[in-house]
Amino acid sequence: MTTINGTQNNLSPEAVDKASELMHKARQVYCLGQGGSMLLANDICARFSSLSNKFRTAGDSHLQILAASLMGPEDVVLFISYSGATRDMLETLRTAKASGAKIILLTHYEDSPGAAMADVVLRCGAQESPLDSGSIPIKVAVLYVGEVLLLRYMLDDPEHTNEAQDRTSEAVAIKLI
């Protein structure tokens, strides 16, 4: 509960609104991260994939920087990084920014190097020390922010998102026993 409460207190509703707006206007949205954050980015991307096929992921840091080099002003990067201060992330964000893409960073540190490059910063409130790297409370906080962003995205275009959910639910129903 401390993790969720801290995240609720640190997450700016205006930042969520702006991030949703950028994602709606985007041609494509790349959900990226490194290490455990990449797994969380994949989970968040999977949630959005039931609403639109413009959400993508891009493997490791090499594939991420390649994707970033081909982005344009109509593209958005949603990067997950608790620290906001890893070399691979900064290389990818610099390349995306130089290509004209918009950057949304989901992090804990609003004063991090990654936050300085971002158009929008979404803050999770959970605390972690370097010895707790990748703790479950941090993962919960990040996924909570991802869910808040998904709900905001859905509220901004309910007609389209309801139709998309109906279509994707029907398509995946055949997978159930």
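The values are calculated or read from the model by the stated rules, or taken from the named source; none is laboratory data. Worth saying up front: this structure is predicted, and the values here are computed from it rather than measured. With ideal geometry, Cβ positions are generated from the backbone for all residues, glycine too; neighbour counts draw on all protein chains shown. For the accessible areas, the whole protein counts, side chains as well, though only heavy atoms, and no ligand, DNA or RNA atoms are used. Shrake-Rupley method; radii C 1.70, N 1.55, O 1.52, S 1.80 Å.
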Task: Unmet requirement for Gly134, which otherwise passes all of (1) free of Cβ contacts under 8 Å to residues at least 60 places away in the same chain; (2) surrounded by fewer than 24 Cβ atoms within 10 Å (Cβ to Cβ); (3) not in a helix (DSSP H, G or I) - done: (1)
Open item on the list: Checking the condition over 27 Å from Gly6 (Cα atoms), small (Gly, Ala, Ser), open to solvent by 40 Å² or more (accessible area, probe 1.4 Å) and modelled with pLDDT of 95 or more, which residue from Ser69, Ser52 passes?
Closed with: Ser69
Task: Residue pairs meeting the criteria (Cβ under 8 Å; at least 6 apart or on separate chains; first part of a loop (DSSP other than H, G, I, E, B), in the range 100-114; second surrounded by fewer than 22 Cβ atoms within 10 Å (Cβ to Cβ) and hydroxyl-bearing (Ser, Thr, Tyr)) - done: His108/Ser83; Tyr109/Ser83; Ser112/Ser83
TODO: Within the range 79-88, identify whether any single residue is open to solvent by less than 20 Å² (accessible area, probe 1.4 Å) and of a type in the set (Asp, Glu), and answer yes or no.
DONE: no
Task: Any hit, the range 52-71, residues being of a type in the set (A, V, I, L, M, F, W, C), within 16 Å of Leu150 (Cα to Cα) and in a loop (DSSP other than H, G, I, E, B) - done: no
TODO: Go over the candidates Val140, Val148 one by one and state the one that is under 19 Å from Val29 (Cβ atoms) and part of a helix (DSSP H, G or I).
DONE: Val148
